[in-house]
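Engineer: Attaching a single structure in structure tokens format; questions to follow.
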Amino acid sequence: KGQNHFMLAKEYLELGDIFDFLGDFDHSINCYERAYPHILKSTRDRATLLEDHFKRQAQAYLAKEKHHLALEKNRQAIKVCLDSIRPDLADRFHAEIADCYTNMNISFRAANQYDSAYWCLQQALKYYQKSNLVDIDLNIGNVYNELGDLSMAKKQYATAIQNQQKAIKILHAYPKHRYLTFAYTSLGEAYLQSG
């Protein structure tokens, strides 16, 4: 009946995730928007909910290739994290900020703004390294993979190969993870493109 704003916000966010999983991004964005007023009225975990809200919207816009909107939502998520950071949330928010920067790199790369993409990946590395969450090195390995892909886009094959090798070295501890597969595939492509 609208009395528990925290639970309603969570339900709308989770319903949006289901639509996102199904590839129905318009409905997922709609659900995320419907969560927003309840997040603002929630007396519990407002900052965490708000950051989730913006980040999930950003990912849906990224999937729709609406890069300007994805960038805007990622920036809003980062601002919430930076404004709300405190010791008990620091590890989570540092990782969330890094996730946003990793996603922003994709939008900048799509617009051929390679310097901005590179800056975002450097920020992602910085914030992942501040986090002590379990398996954070998976994300660090993925950033090196993204750096390799960025170098490929710039036709800097030697740098691409170096970054993919760094990714593989980190990700080798996770032999069944898709990030390791991506790194090997990208490394093979870098060797192929470089002759």
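The values are calculated or read from the model by the stated rules, or taken from the named source; none is laboratory data. These figures come from a predicted structure and were not determined experimentally. Counting neighbours? That spans all protein chains shown, and the Cβs are built from the backbone with ideal geometry, glycine included. Each accessible area value is taken on the protein alone, full model and side chains, heavy atoms only, with ligands, DNA and RNA left out. Shrake-Rupley method; radii C 1.70, N 1.55, O 1.52, S 1.80 Å.
Engineer: Among Phe25, Phe6, Phe21, which is the only one that is free of Cβ contacts under 8 Å to residues at least 12 places away in the same chain and aromatic (Phe, Trp, Tyr)?
Structural biologist: Values: Phe25 fails: free of Cβ contacts under 8 Å to residues at least 12 places away in the same chain; Phe6 fails: free of Cβ contacts under 8 Å to residues at least 12 places away in the same chain.
Checking each option against the conditions leaves just Phe21.
Engineer: I'm trying to understand the selection: among the residues of the range 125-140, which are assigned to a helix (DSSP H, G or I) and of a type outside the set (Val, Ile, Thr)? Step through it out loud before you land on a result.
Structural biologist: As a first pass, look at the range 125-140 and keep what is assigned to a helix (DSSP H, G or I): 125-130, 136-140.
Across the range 125-140, the qualifying residues are Leu125, Lys126, Tyr127, Tyr128, Gln129, Lys130, Asp137, Leu138, Asn139.
Engineer: I'd like the full set of residues that are outside any helix (DSSP H, G or I), open to solvent by 70 Å² or more (accessible area, probe 1.4 Å) and touching a residue at least 24 places away in the same chain (Cβ under 8 Å), limited to the range 155-195. Spell out how you get there, then give the answer.
Structural biologist: Of the residues in the range 155-195, the ones outside any helix (DSSP H, G or I) are 155-156, 172-177, 195.
Now narrow it down to the ones that are open to solvent by 70 Å² or more (accessible area, probe 1.4 Å): 155-156, 172-173, 175-176, 195.
Once the filter is applied, which keeps residues that are outside any helix (DSSP H, G or I), open to solvent by 70 Å² or more (accessible area, probe 1.4 Å) and touching a residue at least 24 places away in the same chain (Cβ under 8 Å), the range 155-195 yields Lys155, Ala173.
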